[in-house]
Amino acid sequence: MQIDWAALGQVFGVSLVVTVGLVGVFTLGIVGTSSASAAGTQPGSLARTGAYACFALCAAAVGYGIYLIVA
Amino acid sequence: MEHITLLIGIVIVTALVFDFTNGFHDTANAMATTISTGALKPKVAVAMSAVLNLVGAFLSVEVAKTISGGIIDESAGIRPEVIFAGLIGAIVWNLLTWLAGLPSSSSHALFGGLIGATIVSVGFNAVNADKVVMKVLIPAVAAPLVAGLAAMVATRLTYRLAKGRDEKETAKGYRAGQIASAALVSLAHGTNDAQKTMGVITLALVTGGVVAPHSDPPLWVIVSAGLAIALGTYLGGWRIIRTLGKGLTDIQPPQGFAAQTGAATVILASSHIGFALSTTQVCSGSIMGSGLGRKGGVVRWSTAGRMAIAWCLTLPAAGLVAGGAAFLADQGDWGVTTVAVLGLLVSGAIYAASRRKPVTHDSLDEVPDAEPAGVVTAALQAVAPPPAGPVAAAPVVAVTPEAGRTPAAAAS
C-alpha cells in the first residue's frame with residue numbers, strides 16, 4: 001500500500017500557511033480601516049493605504065483561487 | 001443518443017437525482033456559517049451558492065474524466081445495473097443523513113454505493129482496495145484535522161490582531177471577506193461534485209456503448225448535471241445548515257471568516273496538489289477549529305461525535321444498501337423495477353418523516369432539541385472553563401490538541 005505522505009504533508013503545510021496568512025492580512029486590513037474603539041479616532045492615511053494594500057492582496061488571492069478552479 | 005436503452009435512461013435519471021441530493025446536502029458547506037454570522041440572508045445565500053455551483057459545473061471536466069478510472073476497475077465488467085444500484089445506495093444514505101441533519105460526504109456515499117454494488121455483482125477483486133484507503137479513509141481522517149488546525153490558528157490570530165477594535169465595525173469587514181471565501185467554496189463544489197455525476201453518467205454511457213471510452217462528457221450531460229446540483233443547492237438542506245451553522249459551535253463573524261477561508265484554502269490546496277479531501281469534512285473541521293480558536297468558544301462534542309459516526313458509517317452503509325440493490329437488480333428487469341420502486345418508497349418515507357418537523361429558512365434560529373451537554377463537552381468545560389481574559393489563555397492551549405484529535409480518534 002502506497003500512502004502519499006508527501007502530498008498529505010504538502011496539503012497540510014500549504015493550507016496552514018495560506019489560511020493563517022490570508023486571515024492575518026485581511027484582519028490587518030480591517031484593523032487599518034477601523035477606528036480604535038477606545039479613542040474613536042479615525043485611522044491615518046498611512047494606515048488606510050496599508051489596509052487597502054492588504055485588501056488588494058486578499059483580492060489577488062481570491063483571483064488565484066478562481067484561476068486554480070478554472071485551470 | 002438514439003442508442004440509449006431504457007436501463008441507461010433510468011441510470012441517468014437516478015444519477016441526476018443523486019446530483020440533486022448532493023446539492024442540497026452540501027449547501028451547508030459553503031453557506032451555513034455565512035448565514036449564521038448574518039453575512040448573507042438565508043435565501044440570498046442559497047441562491048448565490050446555486051448560481052456558483054452551476055457556473056462551476058461548466059468550468060472543467062477533469063474530475064469527470066478521472067472518476068471512472070479510479071476506485072472501480074471498469075474493465076472488470078461493470079454494467080449499468082451496478083451503477084444504478086450504487087446510485088440508489090448513495091441517494092438513500094444522503095437522504096437519511098439529511099433527515100438526521102448530519103453533514104456527511106456525498107462523495108463517500110457515492111463511492112460506498114458503487115463499491116458495494118460492485119462487490120455484490122462482480123466480486124471483491126473489481127475494487128481497488130488501495131485506492132479506497134488512499135482516496136476515502138485517509139482523507140476522512142486528515143480533512144478535519146488539516147482544516148480544523150488551520151481555522152483554529154487563524155481564528156486565534158484574527159482575534160488577537162483585532163483586539164480592542166469596535167466589534168460592530170470589524171464585523172462588516174469580516175462578513176464581506178466571508179462572502180468571498182464562501183463563493184470560492186461554492187464554485188469549487190460545483191466543479192468537483194457536479195462533475196462526479198457527469199462522470200457517473202458518462203460511465204453509464206460508456207458501459208452501454210453509447211459513447212467511446214475515455215471521451216469527454218457530452219454537452220447535455222454537463223448542462224443537466226449542473227442544473228440538478230444548482231436546483232438542489234437552491235432548495236437548501238436547512239437541517240444540515242442548522243447543524244453546521246449553530247449546532248456545532250456558536251459562530252461569530254471573525255470565526256465565520258476564518259472557518260470559511262480555511263475551508264476554501266484547504267479544498268483548493270488539496271485538489272490542486274492532488275490529495276482530494278471531502279468538502280463536507282473540510283468545512284465541518286474548519287468550523288470546529290474556529291470554535292476552538294475563540295476564547296470561551298465551546299464545541300459541542302456530542303454533535304461532533306454523531307457527525308464522526310455518520311462519516312464512519314457512510315461508506316459501509318451506502319455500500320450495504322447498494323449491495324442489496326445490486327443483488328435485486330441482477331435478477332433481471334423485474335429486479336431493476338423493484339429496486340426503483342423501493343428507492344422511490346424509501347425516499348418518499350424519508351420525505352414524509354421530514355415533514356413532521358420541517359426545518360425551513362425561517363426556522364433556522366430555533367434549536368428545538370437543545371443539544372444536551374454531552375459527556376465530553378461537560379468534561380472539557382470542567383477542565384477548561386471558558387476563560388474570561390488573556391490570563392487564562394494557557395489552559396485552552398493545553399486542551400486544544402487533545403480536543404482536536406477527538407473526532408479523528410473516533411473516526412479511525
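Take the conditions (1) among the small types (Gly, Ala, Ser); (2) buried (at least 24 other Cβ atoms within 10 Å of the Cβ); (3) within 11 Å of chain A (Cβ to nearest Cβ); B:Ala176 misses just one of them, which is (2). Taking segment B:255-294 on its own, how many of its residues are among the charged types (D, E, K, R) and free of Cβ contacts under 8 Å to residues at least 24 places away in the same chain? Matching residues across segment B:255-294 total 0.
All told, B:Gln281 meets the bar of being within 14 Å of chain A (Cβ to nearest Cβ) and closer than 30 Å to B:Phe84 by Cβ. Scanning segment B:275-295 for residues that are under 16 Å from the mean Cα position of the chain (by Cα) and small (Gly, Ala, Ser) yields B:Ala276, B:Ser278, B:Ser284, B:Gly285, B:Ser286.
Please identify the pairs in which a residue from segment B:198-212 that is without any contact (Cβ under 8 Å) to a residue 24 or more places away in the chain has its Cβ atom under 6 Å from the Cβ atom of a residue that is hydrophobic (A, V, I, L, M, F, W, C) and in a helix (DSSP H, G or I), counting only partners at least 6 apart or on another chain. These pairs meet every condition: B:Val211/B:Leu205. For the condition in contact with a Cys (Cβ under 9 Å, 6 or more places away or on another chain), at pLDDT below 90 and closer than 27 Å to B:Phe257 by Cα, B:Thr33 qualifies. Of all the listed residues (B:Gly343, B:Gly297), the sole one being in a loop (DSSP other than H, G, I, E, B) and either free of Cβ contacts under 8 Å to residues at least 40 places away in the same chain or away from every other protein chain (no Cβ under 11 Å) (or both) is B:Gly297.
Inclusion of B:Val133 among residues that are facing chain A (nearest Cβ under 8 Å), aliphatic (A, V, I, L, M), more than 25 Å from B:Leu7 (Cβ to Cβ) and within 27 Å of the chain's Cα centre (by Cα) is warranted. Looking only at segment B:235-252, decide whether some residue is surrounded by fewer than 24 Cβ atoms within 10 Å (Cβ to Cβ), within 14 Å of chain A (Cβ to nearest Cβ) and not β-branched (Val, Ile, Thr). So far as segment B:235-252 goes, yes, one or more of its residues are surrounded by fewer than 24 Cβ atoms within 10 Å (Cβ to Cβ), within 14 Å of chain A (Cβ to nearest Cβ) and not β-branched (Val, Ile, Thr). On inspection, B:Ala264 does not qualify as in a helix (DSSP H, G or I), closer than 26 Å to A:Val20 by Cβ and over 14 Å from the mean Cα position of the chain (by Cα). Anything in segment B:144-166 that is touching a residue at least 40 places away in the same chain (Cβ under 8 Å) and charged (D, E, K, R)? List them, or say none. Hit for segment B:144-166 is B:Arg156, nothing else. Among the numbered criteria (1) within 26 Å of B:Ser354 (Cα to Cα); (2) modelled with pLDDT of 85 or more, which one does B:Gly236 miss? Here B:Gly236 meets the rest and fails (2).
The values are calculated or read from the model by the stated rules, or taken from the named source; none is laboratory data. Just so you know, these numbers come straight off a predicted model, no measurement behind them. Heads up, the Cβs are rebuilt from the backbone with ideal geometry, glycines too, and the neighbour counts pull from every protein chain shown.
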